[in-house]
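Okay, so here's the structure we're looking at.
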Amino acid sequence: TRGLDDSVAMKNSDIEWSPRIPVKWQVRPVKELFYVQLGKMLQNNSESLEDCEVPYLKAQHVNWGKVEIQDLPTMWASPFQVYQYGVKNGDLLICEGGEVGRTGIINDPPKDCIIQNALHRVRARRNSNIRFLMYILYAVAWADWFSILCNKATIAHLTLEKLTALRIPTPNVDEQRE
């Protein structure tokens with residue numbers, strides 16, 4: 001694979017945590033490249049005859065790079081909520097609180113598994129690569145940008161608005177896959 005070296009022409013990115021990027025790359029907000037869904041508020045009881053008890057993921061299940069799926073707790077959800085907050089193989093999960101921005105890709109989730117509201121579920125739009133976003137979020141965390149973005153003076157939260165507005169350097173999808 002081709003890597004970046006000193007011969008690649010660079011430009012200013014106007015991204016505080018990544019000030020210079022290759023000339024051919026663009027800077028775009030996450031919302032233009034990915035679908036993001038914040039999880040469901042914990043529901044301990046059935047609220048309708050349609051509700052069913054389903055497994056759910058919370059922040060403690062997300063580790064850098066992967067998601068643990070053993071011994072999941074359950075909550076009640078309607079069939080529509082199972083669809084709305086459901087996870088599928090290859091989804092990227094991002095912690096909204098705690099260690100803000102910690103991210104992992106889920107593999108082989110249990111049937112009807114959903115996410116709690118401490119997590120964002122991210123899926124790629126056309127011409128975007130989910131694994132690329134995961135690596136970008138590693139870089140954002142490494143640069144300690146989440147502490148600035150989320151104002152750790154109070155309890156840090158990576159809100160849906162902050163995540164979707166986050167500007168990231170973006171090569172074409174082939175380079176993202178590399």
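The values are calculated or read from the model by the stated rules, or taken from the named source; none is laboratory data. As the structure is a prediction and not an experimental result, all values here were calculated from the model. Virtual Cβ from ideal backbone geometry, glycine too; neighbours counted across all protein chains shown. The area values use the complete protein model at the heavy-atom level, side chains included, leaving out ligands, DNA and RNA. Shrake-Rupley method; radii C 1.70, N 1.55, O 1.52, S 1.80 Å.
Observations
- Estimated distance in nm for a label pair at W64 and D108, the labels positioned 7 Å out from Cα along Cα-to-Cβ: 2.5 nm
- The chain, relative contact order in percent, only Cα pairs under 8 angstrom and at least six apart counted: 29 percent
- Sequence-separation-based contact order of segment 1-101, relative, with Cα cut under 8 Å and 6+ spacing, percent: 21 percent
- Using just its DSSP H runs of length 4 or more, each adding -39500 (n - 2.57), the chain gives a mean residue ellipticity at 222 nm of -5500 deg cm²/dmol after division by all residues.
- Assigned charges on the beta-carbon of Lys, Arg, Asp, Glu; segment 16-90 dipole about Cα centre (debye): 640 debye
- Inverse mean reciprocal Cα-Cα distance (Kirkwood Rh) of segment 80-164, Å: 13.6 Å
- Each of [x] 33, 17, 13; [y] 24, 20, 17; [z] 37, 24, 13 is a candidate for semi-axes √(5λ) of the Cα gyration tensor in Å; the one calculated from this structure is [x].
- Helix 130-142 and the long axis of the chain differ in direction by around 70°, with both axes built from C-alpha atoms.
- Each residue of segment 15-76 gets 154 Å³ once the volume of the Cα convex hull is shared out per residue.
- Solvent exposure of segment 39-148 as accessible area per residue, Å², 1.4 Å probe: 51 Å²
- Of all accessible heavy-atom area on segment 1-152, the percent that carbon and sulfur account for (1.4 Å): 48 percent
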